[in-house]
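See structure below.
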Amino acid sequence: MNRPPSPVPRRAPAAMPRRRPAFIAPMALALSALCAAALPAQAQEAAIRKALGERVPQLQKIDEVRKAEMPGLYEVRVGTDVFYTDAKGDFLLQGDLLDTRARRNLTEERVNQLTAVAFDALPLKDAFTIVRGKGERKVAIFEDPNCGYCKRFERELQGVDNVTIHLFLYPILGADSTEKSRNLWCAKDKAAAWQDYMVREKPIAPAATAQCDTAALERNVAFGRKHKINGTPTLIFANGTRIPGAIDRQQVEKYLAAAATR
């Protein structure tokens with residue numbers, strides 16, 4: 001049966017409220033918490049920078065401030081130099097931070113990380129090469145001909161086989177080191193002249209010609225200063241591991257083996 005239209009207009013059904021996805025609220029809370037946590041960290045860093053910059057002229061240009069592994073201590077980095085301070089910048093330490101439980105030198109590890117040199121980035125054209133056996137393993141060494149520790153190290157190195165050694169002459173011990181390095185670099189057989197002098201204590205023959213290009217020696221010194229190579233010998237293995245100082249044959253073998261498994 002047909003009915004006449006009702007004089008009272010019908011109301012449209014009320015729209016249902018749109019529900020937000022369930023993950024939106026927790027995510028927003030998490031982001032708020034992160035922002036709240038970041039603000040005090042930034043303020044802490046700013047306070048340390050301000051305090052040290054005002055009180056210590058050498059620390060006016062700080063590259064990085066971050067928490068150290070020791071609670072309450074902050075690492076302050078200027079270039080590749082590492083310092084430690086408290087949360088207010090009231091106290092300053094420079095030295096090695098040791099983890100006695102893990103028997104780790106945390107400062108040394110950090111500096112090695114900062115001064116690491118990728119093996120592929122080494123200017124090998126400025127070195128001469130010594131190959132023993134198949135030469136499958138690689139190491140680069142920076143040495144000064146007047147370095148007594150280098151001579152002792154070279155004798156240890158005689159027992160290491162299957163290695164390619166890239167030898168960088170690094171004359172940093174005075175004018176005589178520069179002169180000896182020049183004569184070694186200009187020798188007809190650089191590797192033989194080096195071994196004769198460092199291992200067999202034979203004198204270095206003067207350079208045969210004054211036309212020999214020794215610019216590589218200057219580049220080596222500049223490269224070493226840039227990368228904080230402050231002493232000899234300094235070894236750089238194929239995996240980037242950098243070892244300052246003379247080590248024995250067993251340690252060389254250990255680092256070569258570790259580099260081969262990178």
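Filter the stretch 121-139 for residues that are among the hydrophobic types (A, V, I, L, M, F, W, C) and at pLDDT 95 or above and give the result. Explain how you work it out, then say what you get.
Our first condition is that a residue be among the hydrophobic types (A, V, I, L, M, F, W, C); within the stretch 121-139, this holds for 121-122, 124, 127-128, 130-131, 139.
Passing the criteria: Leu122, Leu124, Ala127, Phe128, Ile130, Val131, Val139.
Residues that are polar (S, T, N, Q) and either free of Cβ contacts under 8 Å to residues at least 40 places away in the same chain or outside any helix (DSSP H, G or I) (or both) within the stretch 166-218 comprise Ser177, Thr178, Ser181, Asn183, Thr209, Gln211, Thr214, listed in sequence order. Against the numbered list (1) in a strand (DSSP E or B); (2) open to solvent by 40 Å² or more (accessible area, probe 1.4 Å); (3) of a type in the set (Asp, Glu), Glu75 comes up short only at (2). The lone criterion from (1) open to solvent by less than 90 Å² (accessible area, probe 1.4 Å); (2) within 26 Å of His227 (Cβ to Cβ); (3) not in a strand (DSSP E or B) left unmet by Gln58 is number (1). Can you find a residue that is closer than 23 Å to Asn239 by Cα and touching a Lys or Arg at 6+ places or on another chain (Cβ under 8 Å) anywhere in the stretch 64-80? Yes, there is a match, as at least one residue in the stretch 64-80 is closer than 23 Å to Asn239 by Cα and touching a Lys or Arg at 6+ places or on another chain (Cβ under 8 Å).
Say we look at the stretch 186-217 and pick out the residues that are under 33 Å from the mean Cα position of the chain (by Cα) and of a type in the set (A, V, I, L, M); which of these is nearest to Gln158 (Cα to Cα)? Filtering the stretch 186-217 for residues that are under 33 Å from the mean Cα position of the chain (by Cα) and of a type in the set (A, V, I, L, M), the one nearest to Gln158 (Cα to Cα) comes out as Val199. Selection of the stretch 142-178 for residues being surrounded by fewer than 19 Cβ atoms within 10 Å (Cβ to Cβ), of a type in the set (A, V, I, L, M), out of contact with any Asp or Glu (no Cβ under 7 Å at 6 or more places or on another chain) and closer than 26 Å to Ala260 by Cβ yields an empty set. Taking (1) closer than 19 Å to Thr129 by Cβ; (2) outside any loop (DSSP other than H, G, I, E, B) in turn, Ala222 satisfies each apart from (1).
The values are calculated or read from the model by the stated rules, or taken from the named source; none is laboratory data. Keep in mind that this is a model prediction, so the values were computed, not measured. All Cβ positions, even for glycine, are placed from backbone atoms using ideal geometry, and neighbour counts span all protein chains on display. To get the accessible areas, we keep the full protein, side chains included, count just its heavy atoms, and leave off ligands, DNA and RNA. Shrake-Rupley method; radii C 1.70, N 1.55, O 1.52, S 1.80 Å.
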